[in-house]
Amino acid sequence: MSIGEYVNWTEGNAIVPHENPRRPRPFATTCSVHRWFDGGDLRCTYCRVSVYCACGLAGLDEEERAGIPLPLLLGRQATLDHFVPTSRGGADAADNVVVACRRCNSSKQANLFAEEWIPDRDRHTYISPGEPMTPPPGLGIRARRIAQLMAALDPDDGPLSVAEVCRQRGWRPSDVHLALGQMLGAKALYAFAHPCWPPQRYLHPVSGPDDALAGRVWLDGWS
């Protein structure tokens with residue numbers, strides 16, 4: 001079972017058992033989602049929110065939709081997304097297509113899930129305390145600041161979200177994520193991504209580049 005098939009299976013999004021995923025529509029009112037997936041209680045693969053199809057054959061009923069503000073309702077419409085973007089080498093095949101809400105689909109763009117993007121990444125991406133290795137030369141002052149922050153955090157207080165760090169220190173979220181990405185590439189930490197609701201990602205420091213988890217992204221339940 002491939003990654004795309006597995007994540008859809010765990011979300012209850014059953015792939016349509018047909019040798020040609022882009023089969024003709026069974027009838028005119030069926031949306032494109034049903035060419036790839038069976039109907040039922042479709043859920044977004046990334047944020048796990050219940051989604052609805054434009055054809056009305058799956059997802060929220062009229063009463064549920066009436067209680068959701070229009071902007072949020074539009075964001076929960078079911079779409080199809082390539083788990084590995086085609087621009088990054090992903091195949092246009094059933095084992096690489098997942099159900100995604102419109103909000104996550106438009107936000108993810110051509111990024112890789114968990115390694116480069118998760119929903120609400122600032123509120124749910126956490127910097128863990130520890131004694132990180134000294135970042136290798138060339139990573140810049142931002143990465144050194146993150147390393148110092150990790151060493152200064154109290155383990156008893158637990159990890160801080162990126163949003164909390166930026167609020168406390170006046171840093172820009174984009175700068176923090178850039179520094180964390182550089183440190184991950186330099187094997188100064190590893191990421192643990194937990195695909196729960198809300199999706200969470202924890203960045204842990206390591207003692208050195210020879211650490212077994214250094215530079216790795218661990219997806220709970222997927223690897």
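Details
- Close amide H partners of Cys47, meaning residues 5 or more places away or on another chain with modelled amide H under 5 Å apart, are Cys101.
- Arg144, Arg43, ranked by accessible area, largest first (probe 1.4 Å): Arg144, Arg43
- As a calculated quantity, the FRET efficiency between Leu72 and Asp38 at R0 = 25 Å, using C-beta atoms, amounts to about 0.45.
- Were the residues from Ser174 through Asp95 laid out at 0.36 nm apart, the gain over their Cα-Cα distance would be 25.2 nm.
- The alpha carbons of region 107-223 give a radius of gyration and a Dmax of 13.2, 37 Å, in that order.
- Volume per residue of the C-alpha convex hull in region 60-104, rounded to whole Å³: 69
The values are calculated or read from the model by the stated rules, or taken from the named source; none is laboratory data. Since the structure is predicted, the reported quantities are computational estimates derived from the model, not experimental observations. Counting neighbours? That spans all protein chains shown, and the Cβs are built from the backbone with ideal geometry, glycine included. All accessible areas refer to the heavy atoms of the entire protein, side chains included, with ligands and DNA or RNA removed. Shrake-Rupley method; radii C 1.70, N 1.55, O 1.52, S 1.80 Å.
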